[in-house]
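What follows is a set of notes on a single structure, which appears directly below.
All of the numbers you see were taken from the coordinates with simple rules; none came from a lab. Keep in mind that this is a model prediction, so the values were computed, not measured. Ideal geometry is used to build each Cβ from the backbone, glycine not excepted, and the neighbour counts take in all protein chains shown.
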Amino acid sequence: MERMENVQGNRIFSFLINPKFNISVIYFFVYASWSAWWPLFTVYLQEAGLNGIQTGIVASIAPVLMFIVQPFWGVVADRWGRKKLLILSLLLSALSLIGFLWIQGFWPIIFLTLIFSLFLNPIYPVVDALALDSLGEKEDFGFGYLRIWGAVGWLSGAFMAGQIAGERSIVTIFLISAVLLVLASVFATRINIVKETKGALDMSWKNLSGVLRNRKLLLFLFFVLLVSVSFNGLLSFYGVYMVEIGASRKLIGWAISLQGLSELPFYLASAFILVRFGFLRTLIFTFFVFAIRAMLYAFISTPDYVIFVELTHGLSLALLIVAGVEYINSLVPPQWRATGQSLFWAAIYGAGSLLGNIGVGSMHDYMSMQNIFQILGWFLLVVALLAVIFLRDKKTKGSEF
């Protein structure tokens, strides 16, 4: 009897320290934290008295830092340790979020956003790299099965923050986000993945220049940059758009939650989709879906109807993330996995988000969000058509046309 209890206890312990389990839980908490503050951040800035240009500037701080320092963070993670950097970033980001409970004014908000963004930036690409590390060599396209917990966290965090912020001060979103990041750090301490030795890393510096000169990688990042200019502006100002057409904070929370819910089936089906259609076909398809989505926002003026548009979120962003992560993973050496994913994040949420936030913030002083979304829709359509022409690669697995 005692032996059976010991065996059962060992199984439970093995499950709890399993890297995939801990990474899944971390995905849940970090994306719940992100969805708790980010969708309502521009609403918070406007309620703090900032105008359109000031809102765009503050919303662009995180992308600016991501574009500048994200590759550096990737190299630090690969050289110093992905787990160490993740734990440090989670705790310092949580501490920075608490500051939003008390500060007021344009310049204090800028300063705190700079500090917060600096520590937040490494979290998501490092988690992606650790997720890929935890997958065995034979687990092709298994990333979606881990990343799905980020979608579950996204919808949970958005729903919780929307309900609480609807009844209390909007700054409570930052407290919720901070607590979730601390919880993620607890599970980060339990990760134990050994994929390469220090000696192997010491010998791989020459491979870094090859990563940075990879033409396939650079062309892909260029198109991701173009698409992210539009969809990041769309997503960053989504809360403002919803307020303009008469939505309540609770409804915004429901809508963001539905975005996360719509991702679930596509993360589950991502392995089949990538094997069946390939990386690049899937990516280009998401470009077209983003264009359609922006057009729908542009012509819908009833908040209740917008809810149905959120069903396209999984078809666009979820597939873009999975296909992008897997495609870059196929192009870079394992030793520089975090660096490769950091370059992806620098493009998708760095430079593109910077240009999109400043552009949309500036335009919003002169036109409605619906008019802006129509412009973004046409731009996305042009980018998608150009991608059909230029984004081809018949030699890479999973990308044949």
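Numbers below:
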read-out: Length-normalised contact order of the chain in % [C-alpha pairs under 8 Å, at least 6 apart]; value: 29 percent
read-out: Compactness relative to 2.2 N^0.38 Å, alpha carbon Rg of the chain; value: 0.96
read-out: Proxy reagent accessibility, fewest Cβ within 10 Å first, across Arg293, Arg213; value: Arg213, Arg293
read-out: Fully extended contour minus Cα-Cα distance, from Gln46 to Leu95, at 0.36 nm per residue; value: 15.3 nm
read-out: Lys/Arg +1, Asp/Glu -1 at C-beta; region 13-170 dipole; positive extreme among Ala48, Leu65, Trp80; value: Trp80
read-out: Whole-angstrom Cα spans of region 18-97 along principal axes, big to small; value: 46, 26, 18
read-out: Estimated 222 nm signal from helices in the chain, with DSSP H stretches of n ≥ 4 weighted -39500 (n - 2.57), rounded to 500; value: -25000 deg cm²/dmol
read-out: Candidates Val227, Val243, Val126: whichever shows maximal mean-square fluctuation once the chain is modelled as a Gaussian network with Cα springs under 10 Å; value: Val243
read-out: Dipole magnitude of the chain about its Cα centre (Cβ charges: Lys, Arg +1; Asp, Glu -1), debye to nearest 20; value: 1000 debye
read-out: Förster-model FRET efficiency, 22 Å R0, Tyr305 and Gln163, C-beta, rounded to 0.05; value: 0.50
read-out: Ranking of Glu263, Glu310, Glu244, Glu167 by count of other Cβ atoms within 10 Å, fewest first; value: Glu167, Glu244, Glu310, Glu263
read-out: Most mobile of Leu132, Leu354, Leu217 in a GNM of the chain (Cα contacts under 10 Å); value: Leu217
read-out: GNM result for the chain, Cα springs below 10 Å: residue of Ser368, Ser185, Ser353 fluctuating most strongly; value: Ser368
read-out: Which of Leu343, Leu381 has the fewest Cβ neighbours within 10 Å, and the rest in rising order; value: Leu381, Leu343
read-out: Normalised contact order of region 229-356, rounded percent, pairs of Cα under 8 Å and 6 or more residues apart; value: 40 percent
read-out: Nonlocal Lys pairs with alpha-carbon distance under 20 Å, the chain (8 or more apart, or different chains); value: 16
